[in-house]
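The structure under discussion appears below in the form of structure tokens.
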Amino acid sequence: MDAAEFRKRGKEMVDYVADYLEKIEKRQVFPDVEPGYLRPLIADCAPQDPESFEDVFKDIEKIIMPGVTHWHSPYFFAYFPAASSFPALLADMLCGGIGCVGFSWAASPACTELETVMLDWLGKMVNLPEEFLAGKDGQGGGVIQGSASEATLIALLAARTKIIRQVQSEKPELTETEIMGRLVAYASDQAHSSVERAALIGAVKIKNVPSDDTFSVCGSALKKVLDEDKAAGLIPFFFCATLGTTPCCSFDKLLELGPICNKENIWMHVDAAYAGSAFICPEFRHLLNGVEFADSFNFNPHKWLLVNFDCSAMWVKKRSDLIGAFKLEPLYLQHHHQESGLVTDYRHWQIPLGRRFRSLKLWFVLRMYGVKGLQEHIRKHIRLSHQFEHLVLQDERFEICAEVVLGLVCFRLKGSNELNEALLKSINDAKKIHLVPCHLREKFVLRFAICSRTVESTHIKFAWQHISQLATDLLKTWEQNYHQQ
């Protein structure tokens, strides 16, 4: 394919993507395929001779689309939003076209410097404390990670390195292995599984801190666990607080937890993967109060801020904590500006060495939507979640299981877990909308997340009518089975 054909085919692909997104609600949200569907549809090995673009293009609808779960459908209410917008897609195209691998400032100065400035823009939008911003001479700063999971892992590994060095300076007789064996990380019993996974990769113990009746961790619960572990000779070093938990969007109490972590010399990482985008709205910024006590903070613009995956924003108060943990300087990666103090080499802030020009997506989206446009997007989703909540509350057969704060509604039929499992199965088997469940304490709960950029009130009404009718049919069947027994 030469440049001339690329121009032609590129325009065709843009038209295809635009048509796909414009007409996505006409597609069944969840595919009908069974595991292994794809292998029989394609050859056993790569072709020896080139095939035409037409041959490849026609196979998109034939082979790929039948197995796609349509995350951007207005009938997709599962997980959390996966952000997408036309400006972000165009920026991703430019990112791929430039094709730089921005592991250092010298590898592509614009790639590095735009990221630094964009993370300052975004930090100011959520009113982060000044210490987290790079500015012209700050000690903190932001970086784009691939996911919140990566951000948690980076924070934990940096905290681990920092505490090992500190303990060794105080007790040089202890080996690194002995210190590692005594380290403990902590997170809510509602925290995402990626926090436990980070501890697994980091080879440290992790303990769950019990959450309260609102599924939040409070200061007294953390203090109790810390006191017990310190008395047992363990070394608490890391706590991951969650703002907007995955099961029910609950919020750990940062204003209670932060001072404890600071006093006990524990690195506090704040994971606001989903909820963080809402903090650009002044009426939700109070949910971030207490972040001033944190050492690191993360949220995902690729969830709710119209920047398509992957773009996970992470800030640290002291970038030296990250660089000190991950810095290696082989000759082939060095450049003559690196000791000037004026440049950032982001390879020291992350797990991979290479990185894409992801800040272009932020630059395009923030400029083309503006803060006001993004705020309206967030507020619309939250209005729609309360609309769904209201519909649920009008039906006495159902109950709301957690406070609806942002764009997630946790609900269930009053009754057994088996009944609600059957309801969810009937919903997802019908494939008109898509939901996923969670456990809240011992209850099996259905999650209804407002996800699509194009979702409207009509889609919410349709979803509720569909759920309500399936519930009616299910309850009738269960009642008949009960009488037959």
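The values are calculated or read from the model by the stated rules, or taken from the named source; none is laboratory data. This is a predicted model, so every value here is computed, not measured. Using ideal geometry, Cβ is built from the backbone for each residue, glycine included, and neighbour counts are taken over all protein chains shown. When the accessible area is computed, the model is the full protein with side chains, heavy atoms only, and any ligands, DNA or RNA have been set aside. Shrake-Rupley method; radii C 1.70, N 1.55, O 1.52, S 1.80 Å.
Quickly run through segment 292-302 and pick out the residues that are surrounded by 24 or more Cβ atoms within 10 Å (Cβ to Cβ) and not in a loop (DSSP other than H, G, I, E, B). Of everything in segment 292-302, those that are surrounded by 24 or more Cβ atoms within 10 Å (Cβ to Cβ) and not in a loop (DSSP other than H, G, I, E, B) turn out to be S296, F297, N298, F299, P301, H302. Scanning segment 40-76 for residues that are part of a loop (DSSP other than H, G, I, E, B) and under 20 Å from S452 (Cβ atoms) yields V68, T69, H70, W71, H72, S73, P74, Y75. Residue count for segment 196-222, restricted to those that are of a type outside the set (S, T, Y), open to solvent by 30 Å² or more (accessible area, probe 1.4 Å) and farther than 18 Å from L440 by Cα: 8.
Apart from one condition, G135 fits all of (1) surrounded by 18 or more Cβ atoms within 10 Å (Cβ to Cβ); (2) touching a strand residue (DSSP E or B) at 6+ places or on another chain (Cβ under 9 Å); (3) not polar (S, T, N, Q); the exception is (1).
Considering (1) within 24 Å of S147 (Cα to Cα); (2) at pLDDT 95 or above; (3) in contact with an Asp or Glu (Cβ under 9 Å, 6 or more places away or on another chain); (4) not small (G, A, S), the lone condition that C261 does not fulfil carries the number (1). Within segment 220-235, the set of residues being closer than 18 Å to M180 by Cα and among the basic types (K, R) comprises just one member, K230.
Every condition in (1) of a type in the set (S, T, Y); (2) part of a helix (DSSP H, G or I); (3) under 19 Å from A275 (Cβ atoms) is met by Y79 except one, and the failing one is (2). Is there any pair with a first residue in segment 117-139 that is closer than 19 Å to A275 by Cβ and a second that is modelled with pLDDT of 90 or more and among the hydroxyl-bearing types (S, T, Y) whose Cβ atoms are under 9 Å apart and which are 6 or more apart or on different chains, and what are they? Matching pairs, first to second residue: L119/S359; V126/S277; F132/S296. Among the residues of segment 415-442, those that are over 26 Å from the mean Cα position of the chain (by Cα) and hydrophobic (A, V, I, L, M, F, W, C) comprise L419, A422, L423, A430. If you check R367, R412, R356 for being within 30 Å of A91 (Cβ to Cβ) and more than 22 Å from the chain's Cα centre (by Cα), only one passes: R367.
Taken as a whole, segment 108-119 holds at least one residue that is outside the structural domain of M13 (by the TED database), in a loop (DSSP other than H, G, I, E, B) and open to solvent by less than 40 Å² (accessible area, probe 1.4 Å).
Looking for something open to solvent by less than 10 Å² (accessible area, probe 1.4 Å) and of a type in the set (D, E, K, R) - is there at least one such residue anywhere in segment 361-371? Yes, segment 361-371 has at least one match.
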